[in-house]
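All remarks here apply to the structure that follows.
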Amino acid sequence: MNITATAALRRTAHDRVLHGWYMYDWANSAFAVTILAALFGPYLDKVVVPEGGIDIALLGVSGLTATSLYGYALGFSALFVLLSSPILGAIADSTATKKRFLMFFCYLGSLSSLLLFFVDAGDVLPALLLFMVANFSFVSANVFYDSFLPHIAAPNMQDVVSGKGYAYGYAGGGILFLLQLLLVQFHGVIGISEVMAVRVALGSVGLWWGGFALITFSRLEEPPLHGSRPATTRLVADGFRRIVLTMKKIRSLRQMGIFLLAFMIYNDGIQTVIAMATVYGSEELDFDTLTLMGALLMIQFVGVLGAQLFGMLAKRYGSKNMVIASLAIWTGVVVYAFFMTEPMEFWILGAVVGLVLGGSQALSRSLYSRIIPPAASAEFFGFFSVFEKFSAIWGPIAFALIRQLTGSARLSILSLVGFFVVGMIILTFVRMNAAIREKDRLDEMLKHQ
């Protein structure tokens, strides 16, 4: 076999690995779109939780609404990820078990999603437990999925490969969501109730997620283990030790620390809007399922355009300035949502959210990549992931708490202004030139260690 043929075979094999990696994004985006953003919140409100909420006598709490329950479940499942992911990540790195962890959390999450089909009116505790396990598994699996990127793509190709993964995710989640939207809209044609159609849609997420992930697991290879396999007791200690070492490095990157603080705050607002939008539209505004699902389907495709538009504008005006501009728009979004009363306004809001969502998330990641040392990029992106998970805790809990204390989800949505404004103000203190100088100094130090 000549050199050209051998190179071609290697490219084909590598393309298969890449396609397998992309397909996990295609598979798991079904959970993000259908359950996390679209259907579970309204289903919890309209069907599962009784009118007037539920009482928890043990805690002395009464009248817990679907919005509050959903917010607490979302926030606490994110907290569990924050506490567990550094330890599990250390174990996976030290024992070459990234793929096994990915498979475990993928199928734990897909099974929990599938079992949501059996949740009916009054099944509040099973619904919340299944949702929390599924969300915990979804986010945990993504930690290990993301960790494969440095192993399957050269540094100069990681942006392209990562972007293509997002594209597969938008496409996969959007296609399934479109089918589910048609099922809900035309449920009478096939002789089932709307509630049954929603239950089928929820359960289908598990089949889609677990089914297409088989392509991933048949093509993705475990990176080789470097060094010996340490004892489990040392692995747990290493998880905490890595956090301490990374924190020490961040002390020499003052500008990056300021950015991470800003990101943690404003991303909390973004994640809360994504997670709570449909339950807000369902409970507070009493919008029908078609309006909620249709607007979210639109967001999937507008988000792709938003990321590209903000990327082009960033070349002219700078990434930091465009992130600040996106946060100003986010502030307007939640103020607009406070006054919103009509379904058409929800569609308008969805178009704006789709536009700014893709831009703010894409530019936040690219801005961060410019101010971290390339010699430790995997470590610092892992730390970025911890901040991202941490920032998903407080917004939903604050949303739920304000709703419970005030009796109005409108006040909850308006409270998110604080996340965007404070995050935007802190971001203005980031000095990009100083950040790049700090990054270059640390990069040289790491290369000579």
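Any read-out appearing in this document is the output of simple, stated calculations on the displayed coordinates, not a laboratory observation. Given the structure is predicted, the values throughout are model-derived calculations rather than measurements. Methodologically, a virtual Cβ is constructed for each residue, glycine included, from the backbone with ideal geometry; neighbour enumeration extends over all protein chains shown.
Roughly how many debye, to the nearest 20, is the charge dipole of the range 251-449 about its Cα centre, given +1 on each Lys and Arg Cβ, -1 on each Asp and Glu Cβ, and no other charges?
My answer is approximately 1000 debye.
Bridging of Lys164 to aspartates and glutamates at a Cα separation below 20 Å is possible for Asp15, Asp25, Asp146, Glu221, once same-chain residues fewer than 8 apart are set aside. Think of the range 251-449 as a dipole: +1 on every Lys or Arg Cβ, -1 on every Asp or Glu Cβ, centred on the Cα centre; then among Leu363, Leu290, Phe429, Phe429 lies furthest on the positive end. Measuring between alpha carbons in the structure, the pairs from Lys46/Lys320; Lys46/Lys99; Lys99/Lys315; Lys98/Lys439 lying more than 32 angstrom apart are Lys46/Lys320; Lys46/Lys99; Lys99/Lys315. Across the range 184-205, the residues whose backbone nitrogen lies under 15 Å from the label position 7 Å along the beta-carbon direction of Asp123 are 195-205. P(r) tail, the range 251-449: Cα-Cα pairs separated by more than 26 Å, 36% of all pairs.
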